[in-house]
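Some notes on the structure that comes next.
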Amino acid sequence: MEQCDFLVIGGGIAGLSCAARLAAHGRVVVLEGESAPGYHASGRSVAVAHFGLGERVVRTLTALSLPALAEHGTRHPALHIASSAQGAALDALEDTHRQFGCDYARLSGDEARALLPVLKSDACGAALIDHGALKLDTNAMLQAHVATLRAAGSGVVSGARVSAIARESAGWQVKASGETYAAPLLINAAGAWADEIARLAGVTPIGIEPRRRTVIAFAAPEGEDVRAWPFTKTVGEGFYLLPEGGGQLLASAMDQTPSAPCDAAPEELDIAIAADRVEQATTLPIRRIAHSWAGLRSFAPDELPVIGHASSAPGFVWVAGQGGAGFQTAPALSRIAESAVLGLPFPADCAAAGLAPAQFAPARFGA
Ligand SMILES: Cc1cc2nc3c(=O)[nH]c(=O)nc-3n(C[C@H](O)[C@H](O)[C@H](O)COP(=O)(O)OP(=O)(O)OC[C@H]3O[C@@H](n4cnc5c(N)ncnc54)[C@H](O)[C@@H]3O)c2cc1C
């Protein structure tokens, strides 16, 4: 049996960022069921940090995280586009950018088209450009956390699928792929499987809902250098589009179909909808989908992250429900998780920004 101070279930960005912080306080073992960390949601994101999603709490976490994200991110503008019917939504998003002190500007449709020449005029009557958005190197983020763990004498065990969890007087005993691990503190960072891990541990589940999102990749127009094209997103329902290395463009119809926790795969209809929305709004011809994938974004019922000890089972700590912002909020959320696990004061900058532990506590769902 392997004994440690903290057992973390899940080697995605949530588990690894939290584990890297805990490694300063004791020995951490991260148990990851797949053959390598980042196989599920964390390996499937489009890796952008921006203010065009979530509500106040998620945006506040993003603002608190941006300075740390800059280490593994490069500035890449986010262009939020609105049709003539979406003016009110664009105004609201502009208010948000103002409140968070973003380096942004309101643009006319023609000014937006100067940045993304393929935009059709009826798809964009007005826009907002956020110059402070970041394109993240998510693999570098994950690997940096793994390196921090190793340097502290902690580590990740891949291929360790947790199948049984027992609460003992001294803490938790976890069985994973034939081995037994024990620790006084157990951190549930299992993404789409977070409720399943709670059930294994006899802890009340929260009602985490995994939602599938699909991304398509296709060739940029021949001879066109698209690298400077902004990350472009409709303010309401629609699509997003961004340049990727190797002359490719990525797009998503921002689908969010409820799913059981699984190895998500793209469905033909979602691929077709993504391609159609891009073709409706731009002059881009999508002759061939070069590649597509899908991943699960996991939400609590109120769509806010869940960080804190289970009220019925102290020592079982939820780090779940990161939704579609798990990377851009990880630096702040992992500090909140660190304070929750250790019973330390809530991070002062998070409190000063108007956040409070109760907003994240699983107790809000009776869990
Ligand atoms: C298409 C798409 C685009 C996105 N774009 C962005 C973006 O631009 N910016 C952004 O910030 N976020 C984005 N996200 C969201 C982001 O990817 C997620 O919020 C984040 O990856 C969630 O991390 P996680 O660690 O909670 O989950 P995961 O990465 O899924 O990690 C959970 C891990 O737990 C493991 N696990 C589960 N059960 C067990 C078990 N029984 N035993 C052992 N291990 C287990 C799984 O194998 C998995 O590796 C996007 C997501 C998708 C799908």
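The values are calculated or read from the model by the stated rules, or taken from the named source; none is laboratory data. Treat the numbers as computed from the prediction; the structure is a model and nothing was measured. Glycine gets a Cβ as well: all are built from the backbone with ideal geometry, and neighbour counts include every protein chain shown.
Tell me the residue from Pro221, Pro205 that is assigned to a loop (DSSP other than H, G, I, E, B) and in contact with a helix residue (DSSP H, G or I) (Cβ under 7 Å, 6 or more places away or on another chain), please.
On the way: Pro221 fails: in contact with a helix residue (DSSP H, G or I) (Cβ under 7 Å, 6 or more places away or on another chain).
Matching residue, one of Pro221, Pro205: Pro205.
Residues checked against (1) without any contact (Cβ under 8 Å) to a residue 60 or more places away in the chain; (2) among the small types (Gly, Ala, Ser); (3) outside the structural domain of Ser154 (by TED's automatic domain parsing):
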| residue | (1), (2), (3) |
| --- | --- |
| Gly12 | no, yes, no |
| Val28 | no, no, no |
| Ala49 | no, yes, yes |
| Gly54 | no, yes, yes |
| Arg59 | yes, no, yes |
| Ala63 | no, yes, yes |
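Any residue in segment 317-329 that's within 10 Å of Ile187 (Cα to Cα) and touching a residue at least 24 places away in the same chain (Cβ under 8 Å): show its pairings with residues that are near the ligand (Cβ under 7 Å from one of its atoms) and not in a loop (DSSP other than H, G, I, E, B) at Cβ separation under 6 Å, as long as the two are six or more apart or on different chains.
As it stands, the answer is Val319/Ala14, since those pairs meet every condition given.
Determine whether segment 308-321 contains at least one residue that is within 24 Å of Arg21 (Cβ to Cβ), in a loop (DSSP other than H, G, I, E, B) and either assigned by TED's automatic domain parsing to the domain that holds Pro37 or touching a strand residue (DSSP E or B) at 6+ places or on another chain (Cβ under 7 Å) (or both).
Within segment 308-321, one or more residues are within 24 Å of Arg21 (Cβ to Cβ), in a loop (DSSP other than H, G, I, E, B) and either assigned by TED's automatic domain parsing to the domain that holds Pro37 or touching a strand residue (DSSP E or B) at 6+ places or on another chain (Cβ under 7 Å) (or both).
Restricted to segment 229-248, and to residues that are assigned to a loop (DSSP other than H, G, I, E, B) and touching a residue at least 12 places away in the same chain (Cβ under 8 Å), which residue is farthest from the ligand (Cβ to nearest atom)?
Here the answer is Gly247.
Can you pull out the residues in segment 253-270 that are part of a helix (DSSP H, G or I) and surrounded by fewer than 18 Cβ atoms within 10 Å (Cβ to Cβ)?
Applying the first criterion (part of a helix (DSSP H, G or I)) to segment 253-270 yields 268-270.
Scanning segment 253-270 gives Glu268, Leu269.
Name the single residue that is surrounded by the fewest Cβ atoms within 10 Å (Cβ to Cβ) among those in segment 33-77 being farther than 28 Å from Gln359 by Cα and within 10 Å of the ligand (Cβ to nearest atom).
Ser35
Considering only residues of segment 271-307 that are assigned to a strand (DSSP E or B) and among the hydrophobic types (A, V, I, L, M, F, W, C), which is nearest to Gly247 (Cα to Cα)?
Taking the candidates together, the pick is Trp293.
Within 15 Å of the ligand (Cβ to nearest atom), at negative phi and within 25 Å of the chain's Cα centre (by Cα): does that describe Val157?
yes
Quick one: in segment 148-178, which of the residues that are of a type in the set (A, V, I, L, M) and either in contact with a Gly (Cβ under 6 Å, 6 or more places away or on another chain) or closer than 13 Å to Gln3 by Cα (or both) is modelled with the lowest pLDDT?
The residue in question is Ala170.
So for segment 180-201 (the condition being within 27 Å of Ala361 (Cα to Cα), among the basic types (Lys, Arg) and part of a strand (DSSP E or B)), does at least one residue qualify?
No: zero hits.
Of the residues Asp263, Asp276, which is within 11 Å of the ligand (Cβ to nearest atom) and not assigned by TED's automatic domain parsing to the domain that holds Gln359?
After applying the criteria, what remains is Asp263.
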